[in-house]
Amino acid sequence: MAGLLLDTLNGANLAERPLWLMRQAGRYLPEYRSLRAEKGGFLALVYDSEAAAEITMQPIDRFGFDGAILFSDILIVPYAMGQDLQFLAGEGPHLTPRLADHALGALQAVPERLDPIYRTVALVRERLGAERTMLGFAGAPWTVATYMVNGEGSRDQHATRAMAYRDPLAFGAIIDAIADVTVEYLVKQAQAGAEAVQLFDSWSGTLAPDEFERWVIAPTVRIVEAFKAQCPDTPFIGFPKGAGEKLAAYARETGIDAVGVDETVDPQWAARELPAGMPVQGNIDPLLLLAGGEAMTRRAQFILDCFADRPHVFNLGHGIGKDTPIPHVEQLLQAVRGWRR
């Protein structure tokens, strides 16, 4: 047996549900905070492969989750494409030069900036038992482009959406360049030991339907096809956060093996409208995990029941919050482990 998570991503509808949490390696864990204080800032941890591997393993050692998600960041790709990347305390990531003001051709690629990430994957795979799955990931082109164009995060991606409307050829070149690097990045993660990969499109929900088709679905098709040409047996999870009713088309058209569902999606709708037999991942609200208690347990059981007739990976609707109490994670784990189809 390949392990509960990997079997589920390959389409097995098992009695027990695998569980992992997005951003499970991070600030809510005291052992992470201790290591970060010792090693320095976020990028210092990402580029210290031994430290990044230790952080990736911390939630596995504490909770026994079924999957270990690589400790890194989606903005490592634009960093490798030649933008300077800084994580400023209280402000988040900053990329320079921002592409709203400079042409893509001004960047000088530094592909070796990705090498420590592959080393981290290999180290974690060495430390994981056969029953647990190593998950690699990357950001989807639209979401990564929003940071590259604006230079930082924004609530409505105004600068990027405006550029896409105003100059679709120039913006399309940015999307294509990100897609090319992303394919190589994911393939090399798989070659280093990642047994499944996930593409995060965290800002896909800000796009109108036609733009969603152009800047989310089409680039994802391109990435999945190119990845599968080299790694045909590695499951590919697509996660278009905020897609809403466009989620069904994304699942049907992109070629992904499994689809992530955020907390705003009704699991009854998802169970009915998503392609039959496709593994679904999600989708309890991270804020409900923060609150804990009976309401969280009831919701977890409801989600599990809704997806009982298809392969299902239990997860959050997005990343775990930094203030989430450890006992709440343990409570959720107990609820999911105790459920049977």
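The values are calculated or read from the model by the stated rules, or taken from the named source; none is laboratory data. Everything quoted here is computed from the prediction, not taken from an experiment. Note that each Cβ is placed from the backbone with ideal geometry, even for glycine, and that neighbours are counted across all protein chains shown. These accessible areas exclude ligands, DNA and RNA; they are computed on the full protein's heavy atoms, side chains included. Shrake-Rupley method; radii C 1.70, N 1.55, O 1.52, S 1.80 Å.
Below is a table of values for the structure above.
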| read-out | value |
| --- | --- |
| Cβ-Cβ under 8 Å pairs, at least 6 apart or on other chains, segment 265-286 side open to solvent by less than 10 Å² (accessible area, probe 1.4 Å), far side assigned to a helix (DSSP H, G or I) and among the basic types (K, R) | I284/R299 |
| Condition check for A190: crowded, with 18+ Cβ neighbours inside 10 Å and either in contact (Cβ under 8 Å) with a residue 60 or more places away in the chain or in contact with a helix residue (DSSP H, G or I) (Cβ under 9 Å, 6 or more places away or on another chain) (or both) | yes |
| Residues of segment 228-279 that turn out to be touching a strand residue (DSSP E or B) at 6+ places or on another chain (Cβ under 7 Å) and outside any helix (DSSP H, G or I), as a count | 21 |
| Boolean, D101 is open to solvent by 10 Å² or more (accessible area, probe 1.4 Å), under 23 Å from L45 (Cβ atoms) and either over 21 Å from the mean Cα position of the chain (by Cα) or not charged (D, E, K, R) (or both) | no |
| Residue satisfying all of: in segment 9-57; among the basic types (K, R) and in a helix (DSSP H, G or I); surrounded by the fewest Cβ atoms within 10 Å (Cβ to Cβ) among these | R33 |
| Tally of residues being open to solvent by 10 Å² or more (accessible area, probe 1.4 Å), closer than 23 Å to V183 by Cβ and small (G, A, S) across segment 58-95 | 2 |
| Conditions (1) closer than 20 Å to E273 by Cβ; (2) open to solvent by 40 Å² or more (accessible area, probe 1.4 Å): number failed by R214 | (1) |
| Extreme residue, farthest from P78 (Cα to Cα), among residues of segment 160-184 that are open to solvent by 30 Å² or more (accessible area, probe 1.4 Å) and of a type in the set (G, A, S) | A162 |
| Which numbered condition N283 misses (of (1) out of contact with any Gly (no Cβ under 6 Å at 6 or more places or on another chain); (2) outside any loop (DSSP other than H, G, I, E, B)) | (1) |
| Subset of segment 324-341 that is surrounded by 17 or more Cβ atoms within 10 Å (Cβ to Cβ) and of a type in the set (S, T, N, Q) - its residue that is nearest to the chain's Cα centre (by Cα) | T324 |
| Checking P111 against (1) open to solvent by 20 Å² or more (accessible area, probe 1.4 Å); (2) closer than 23 Å to R155 by Cα, the condition it does not meet | (2) |
| Answer residue from segment 61-103, given it is among the charged types (D, E, K, R) and modelled with pLDDT of 95 or more and is farthest from L19 (Cα to Cα) among those | D84 |
| Given (1) touching a residue at least 12 places away in the same chain (Cβ under 8 Å); (2) more than 21 Å from L75 (Cβ to Cβ), number of the condition D210 does not satisfy | (1) |
| Residue tally, condition among the small types (G, A, S) and within 22 Å of A190 (Cα to Cα), over segment 206-250 | 3 |
